[in-house]
Amino acid sequence: IKEVLSISNDLVREEHTVEVLERELHHRVGNTLQLVSALLAMQCDCVEDTEVRAIAAEAESRIHTLAAVFADTLAQTGYNVVNFANCVQSIAIDPSISSRTTVKVDIERDFELRLDLAMPVGLIVNESLLSVARRNPNDAGSRPNELPVTTVDLQRSDSGRFRLVISSDSTTLPNGPT
């Protein structure tokens with residue numbers, strides 16, 4: 001019995017060590033992504049060409065999205081689960097998006113996705129919001145009351161599948177999917 005208890009205690013210690021290392025890894029990846037995002041933002045400030053600036057800002061926005069997903073995993077008890085509503089809120093406040101569209105998030109507050117799903121779905125949301133922002137000629141500084149409203153709606157069915165719908169009242173988007 002003493003040997004079984006000793007093995008059990010060893011397994012508990014090893015499990016704790018793995019959890020600590022996994023948390024540290026997520027923390028370092030998130031910090032690295034935030035650092036890269038900040039460096040791109042600084043570089044963008046030094047560029048005078050508006051087209052190059054826009055490209056750099058969009059790259060920075062994508063990295064910000066990935067960093068938001070990793071930041072949320074640190075707040076969760078399970079390191080492979082993400083509160084996706086929080087992630088979309090973080091994406092929506094990115095200046096390259098929020099200055100050109102108002103984002104309405106229609107996602108259950110505790111909607112969780114596995115990390116392996118949250119990354120690609122987060123990038124889809126980011127690209128869709130950037131598409132609306134790119135096509136809107138106005139910004140919050142010039143006409144704040146005329147920004148299009150873009151809704152991000154994510155619902156889970158009883159079968160466990162989910163449906164993501166991103167819609168906008170923007171008049172500058174082409175008809176059909178973008």
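From Val82, Val47, Val36, grab the single residue that is within 30 Å of Asn136 (Cα to Cα) and in contact (Cβ under 8 Å) with a residue 24 or more places away in the chain.
Val36 is the lone residue from the list that is within 30 Å of Asn136 (Cα to Cα) and in contact (Cβ under 8 Å) with a residue 24 or more places away in the chain.
Would you call Val36 open to solvent by less than 80 Å² (accessible area, probe 1.4 Å), among the aliphatic types (A, V, I, L, M), outside any helix (DSSP H, G or I) and in contact with a helix residue (DSSP H, G or I) (Cβ under 6 Å, 6 or more places away or on another chain)?
On the way: open to solvent by less than 80 Å² (accessible area, probe 1.4 Å): yes; among the aliphatic types (A, V, I, L, M): yes; outside any helix (DSSP H, G or I): no; in contact with a helix residue (DSSP H, G or I) (Cβ under 6 Å, 6 or more places away or on another chain): yes.
Taking the combined requirement at face value, the residue does not satisfy it.
Which residues, taken from region 114-132, are of a type in the set (A, V, I, L, M, F, W, C), touching a residue at least 40 places away in the same chain (Cβ under 8 Å) and closer than 15 Å to Ala68 by Cα?
The initial filter retains those residues of region 114-132 that are of a type in the set (A, V, I, L, M, F, W, C), namely 115, 117-119, 121, 123-125, 129-130, 132.
Subset that is touching a residue at least 40 places away in the same chain (Cβ under 8 Å): 115, 118-119, 121, 123-125, 130, 132.
Result: Leu115, Ala118, Met119, Val121, Leu123, Ile124, Val125.
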Among Ala54, Ala85, Ala92, Ala71, the single one that is touching a helix residue (DSSP H, G or I) at 6+ places or on another chain (Cβ under 7 Å) and under 19 Å from Glu127 (Cα atoms) is Ala92
I'd like to know if region 63-79 contains one or more residues that are modelled with pLDDT of 85 or more, farther than 15 Å from Ser168 by Cβ and either open to solvent by less than 20 Å² (accessible area, probe 1.4 Å) or within 13 Å of the chain's Cα centre (by Cα) (or both). yes
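The values are calculated or read from the model by the stated rules, or taken from the named source; none is laboratory data. Not measured: the values here are computed from a predicted model. So basically every Cβ, Gly included, is an ideal-geometry build from the backbone, and we count neighbours across all protein chains shown. SASA here: full protein model, heavy atoms, side chains in, ligands and nucleic acids out. Shrake-Rupley method; radii C 1.70, N 1.55, O 1.52, S 1.80 Å.
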